[in-house]
1. What number goes with the only condition from (1) surrounded by 19 or more Cβ atoms within 10 Å (Cβ to Cβ); (2) assigned to a helix (DSSP H, G or I); (3) not acidic (Asp, Glu) that Arg70 does not pass?
2. So is Pro111 open to solvent by 80 Å² or more (accessible area, probe 1.4 Å) and farther than 20 Å from Asp11 by Cβ or not?
3. Taking Tyr96 as meeting all but one of (1) outside any loop (DSSP other than H, G, I, E, B); (2) under 25 Å from Ser41 (Cα atoms); (3) open to solvent by 80 Å² or more (accessible area, probe 1.4 Å); (4) not polar (S, T, N, Q), write down the number of the exception.
4. If Gly181 satisfies every condition in (1) closer than 16 Å to Asp256 by Cβ; (2) surrounded by fewer than 22 Cβ atoms within 10 Å (Cβ to Cβ) but one, which is the exception?
5. Take the conditions within 20 Å of Ile270 (Cβ to Cβ) and of a type in the set (A, V, I, L, M) and apply them to Leu211. Does it pass?
6. Here's a check for you: in the stretch 120-147, which residue that is in contact with a helix residue (DSSP H, G or I) (Cβ under 7 Å, 6 or more places away or on another chain) and not β-branched (Val, Ile, Thr) is farthest from Ser55 (Cα to Cα)?
7. Name the single residue, out of those in the stretch 73-84 being open to solvent by 20 Å² or more (accessible area, probe 1.4 Å) and of a type in the set (D, E, K, R), that is farthest from Thr97 (Cα to Cα).
8. Checking the condition out of contact with any Phe, Trp or Tyr (no Cβ under 9 Å at 6 or more places or on another chain) and in a helix (DSSP H, G or I), which residue from Arg271, Arg209, Arg276 passes?
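The values are calculated or read from the model by the stated rules, or taken from the named source; none is laboratory data. Everything numeric in this text was worked out from a predicted model, so none of it was measured. Every residue, glycine among them, receives a Cβ derived from its backbone with ideal geometry; neighbour counts consider all protein chains shown. The accessibility values were calculated without ligands, DNA or RNA, using every heavy atom of the protein model including side chains. Shrake-Rupley method; radii C 1.70, N 1.55, O 1.52, S 1.80 Å.
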Amino acid sequence: MRAWLDGELHDDASLARVSLLDHGLTVGDGIFESVAVYDGSPFALSEHLDRLLRSAAAMEMPTPDTSLLREAIDALLAREAATEGTTPLARLRLTYTAGEAPMGSDRGDGPPTYAVVHGPVAPQPAAAPVVTVPWRRNEQGALAGVKSTSYAENVLALRRARQAGAAEAVFGNTAGLLCEGTGSNVFYVVDGEIRTPTLVSGCLAGVTRALALTWLREDGAVPVVEVDAPLEVLHEADEVFLTSTFRDVQAVTAVDGRPVPPGEVVRHAIRVWASRAPGHRG
């Protein structure tokens, strides 16, 4: 894995260092994006950078220099191509923090930290089980819908899922409504209709979620709606699937141990994604 940190390229990401006083490290005062790279071409990079800007604004951080991040990405991909050649699937992790600050919650006056890490990643399985967890997303909190580096809640939830033999954990929000997974958006099928929570639920405005909604609506074969419903709707849904940067459209096989065999609607969603996504690369 390679890294670019504040203008310096490192062929070994483990050797890149940030200050022990970096606010992203001490209190999680930062934002990030994970971008898929197919055969050397980033997927939906503009959408990811746009969301980074929205997250920075919500966090009241200085506006990130996206041109600088694009230069960093180009440098990392060029170095890979010039050495070992491009990999079929890789990850770009873009991190932007508030930079050095005194110990505590107050921000400092120094410049922000920019970091980009690049390395290969294994493909996700086509289908996987999920579990719901008892913790709740705060849809009215300051970080609702923000891709913040404050991810400890997701770590704990995903750990609970692994212990239960599942691949993802799904949260409800404080109103008891279905929200999102630790790193995914959730779709489900009821009465032949594809449904997913609204952004008001507090879920992340997923890049893959948005593209899937657009492409499925343009396809028109299956009705698609954004609607909020109790978390328990997953226990009654006919089919369930997840979307995320590295899952694309991933079928769910079980929810809390209840089998949910992928049916024709999920298979259709997967086909629509597979037919449209290649044209969105680069």
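1. Only one criterion is unmet by Arg70, namely (1).
2. Working: open to solvent by 80 Å² or more (accessible area, probe 1.4 Å): yes; farther than 20 Å from Asp11 by Cβ: yes.
In short, yes.
3. Every listed condition holds for Tyr96 apart from (3).
4. The one condition Gly181 does not meet is (2).
5. So Leu211 passes the test.
6. Looking at residues that are in contact with a helix residue (DSSP H, G or I) (Cβ under 7 Å, 6 or more places away or on another chain) and not β-branched (Val, Ile, Thr), I get Trp135.
7. Glu84
8. Details: Arg209 fails: out of contact with any Phe, Trp or Tyr (no Cβ under 9 Å at 6 or more places or on another chain); Arg276 fails: out of contact with any Phe, Trp or Tyr (no Cβ under 9 Å at 6 or more places or on another chain).
None of the other options fit; the residue is Arg271.
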